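The values are calculated or read from the model by the stated rules, or taken from the named source; none is laboratory data. Computed from a predicted model, the values in this text were never measured in an experiment. Here Cβ is always computed from backbone atoms with ideal geometry, including for glycine, and neighbour counts include all displayed protein chains. Side chains included, ligands, DNA and RNA excluded: accessible areas come from the protein's heavy atoms. Shrake-Rupley method; radii C 1.70, N 1.55, O 1.52, S 1.80 Å.
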Amino acid sequence: RIDDSQLKFSLSAKNPKQPEVQFTVDLDRVDLDRYLAWPDAAPPAGDTKAHHQEPAMAKAVTDYSLAGLLHVGEVTINGAAISEVSLPVQGKAGVYTVAPVTFSAYQGKVSTELKVDTQVSPPATQMTLKAQDLALEPLLQDFTGGAYLRGTFTADAALHFSGDTMAAIKKTAEGEATLLVRDGALLGVDLITANPPESKGTTAINDVPGQQPETDFTEAKGRVVMNNGVLRFEDTSLVAPSHWLQLNGTADTLEEQLDVQIESGYVETVVGKGGREKKVEHSLFYTLSGSFSEPELKNNKILANGKNKSKAGAMPFKQLVAEKLPAPVDSEGKKMVGRDLVDPAVVAQRFGLHPESLYPSAVKT
């Protein structure tokens, strides 16, 4: 027994020159928060080193083979409860596979596979992950300190990175993931009614007085590409019975900064002369920027097109810009005269956007 944990294990080792190690470990429960100092913890008294600095792991011995299974009934980590952890390990000559790692958490299940090569310096890791039906709000609350989304979360991801510290992993991580959230809500902001068609300005997401606003949705899905610590959101959309939303942009995990463009829309029924009704669709355009801890939502453009869209998310460019780019223009702009309105360079020039944040999938619908 160790504190409140009970450990049962077996271990065998042979061939001292090139050890062959086999093990089984069964741990009933463990509270890792008792033993690990998380980034927001204060440094010990008299410690002059910054608590966020991460020491590199000692280089592992690579000339042995390893095979075993670790099972943990319940793990508490950063306040989160994870249960039925199964972790099989196999490896030889510095290349180790941990697969499939399975556990239950946040009312859902997670399966992941790891391949770690310690023969190279720094160590290189390949990882795949499948998460199914996780409760998103408490997950975000436990690991980020704030919850901006609610719903049932499913993900399929593949990632590779180098390094043995979190900072190094963020800098080298590359991969992509497909994400799906069902029956959820954006928390802290109402993209439909918080800024009606006649309003303009800036709204701080986490500083809305009175009742906490929300943007409910039936499904949100998208693709996220990670490259050297920068997350890029592609083909990301949110749909609900009364409104829809599309977003593209980036989240820099190193600088912890957001640069996201959002278009949301909804349809209302307008009664005209003679009691005739017609559908009027409103589109609202936002930018989400700033730090992860204090993001700022700015309402940029608003319009009503007076008719239904044939395709949800299609951007009505003809109501945003003139038919042709007007002349005269500067020397750089002359190249744009007469070009298609949905050309990214034209849109960027007309609205002062960053061209690198525009993608064909977000512009041509």
**Message:** Quick check on region 71-78. Is at least one of its residues touching a Pro at 6+ places or on another chain (Cβ under 9 Å) and either open to solvent by 40 Å² or more (accessible area, probe 1.4 Å) or modelled with pLDDT under 90 (or both)?
**Reply:** no
**Request:** Give the residues of region 1-26 that are acidic (Asp, Glu) and modelled with pLDDT of 95 or more, sorted by residue number.
**Result:** Asp26
**Asked** Within the set of pairs 6 or more residues apart or between chains, which connect a residue that is more than 29 Å from Ala185 (Cα to Cα) inside region 261-281 to a residue that is among the polar types (S, T, N, Q) with Cβ atoms less than 9 Å apart?
**Response** Glu277/Thr269
**Message:** Condition first: open to solvent by less than 80 Å² (accessible area, probe 1.4 Å), at pLDDT below 90 and among the charged types (D, E, K, R). Now tell me which residues in region 27-62 satisfy that.
**Reply:** Asp33, Asp47
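Identify the residue in region 115-128 that is part of a strand (DSSP E or B) and open to solvent by less than 50 Å² (accessible area, probe 1.4 Å) and, among all such residues, is nearest to Thr178 (Cα to Cα). Walk me through how you get there before you give the answer.
At the first step, the residues of region 115-128 found to be part of a strand (DSSP E or B) are 115-117, 124-128.
Filter once more, keeping what is open to solvent by less than 50 Å² (accessible area, probe 1.4 Å): 116-117, 124-125.
Details: Val116: 23, Asp117: 26, Ala124: 23, Thr125: 20 Å.
The residue in question is Thr125.
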**Asked** If we scan region 131-146, do we find a residue that is open to solvent by less than 30 Å² (accessible area, probe 1.4 Å), closer than 17 Å to Glu176 by Cα and of a type outside the set (Lys, Arg)?
**Response** yes
**Prompt:** Of all the residues that make up region 102-114, how many are surrounded by fewer than 17 Cβ atoms within 10 Å (Cβ to Cβ), part of a strand (DSSP E or B) and of a type in the set (S, T, N, Q)?
**Reply:** 3
